[in-house]
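Inspection log for the structure reproduced underneath, given as structure tokens.
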Amino acid sequence: MTPFRRLVAYLAPYKKTLVFGISCIFFTNLAKLTQPVVLRYAVDDLTASITQSKLLQFAGLIILLSLVQGVFLFLQRRALINISRHIEFDLRNDFYRHLQRLPFDFYQTQRTGDL
């Protein structure tokens, strides 16, 4: 088994969280990419005729997009960092389990730092 396949096997229990994290990446970038489009329409519309309601409307839309981006960025980081912590925990437990199964003679011949 290749090292990559072994690591992918550790992702299996966290598939739903991984899909959620990746979808949050998509929506974060979507919100980030729509802000310049809104700004373009704001500049075009406000140069024709500027009113307070239009200005507040575009400002509110940009703020809303920034908030949406921030929420999805928070959820993305939370999901993916939690997955990495759980995988790290699983790797440590598997390594410790492996060390526990080794014969006692192994520890007699190996130095502590070589484990």
If we keep just the residues of the stretch 16-33 that are among the aromatic types (Phe, Trp, Tyr) and crowded, with 16+ Cβ neighbours inside 10 Å, which is farthest from the chain's Cα centre (by Cα)? PHE27
Polar (S, T, N, Q), free of Cβ contacts under 8 Å to residues at least 60 places away in the same chain and closer than 30 Å to ARG92 by Cα: does that describe SER49? no
Quick check on THR28: is it assigned to a helix (DSSP H, G or I) and touching a Leu at 6+ places or on another chain (Cβ under 7 Å)? yes
The condition of being without any contact (Cβ under 8 Å) to a residue 60 or more places away in the chain, part of a helix (DSSP H, G or I) and surrounded by 13 or more Cβ atoms within 10 Å (Cβ to Cβ) holds, among LEU75, LEU56, LEU67, only for LEU75
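Here, each number is a calculation from the coordinates, and none is a lab measurement. None of these values were measured; they are calculated from a predicted model. Positions of Cβ are generated from backbone atoms using ideal geometry, with glycine treated the same way; all protein chains shown enter the neighbour counts.
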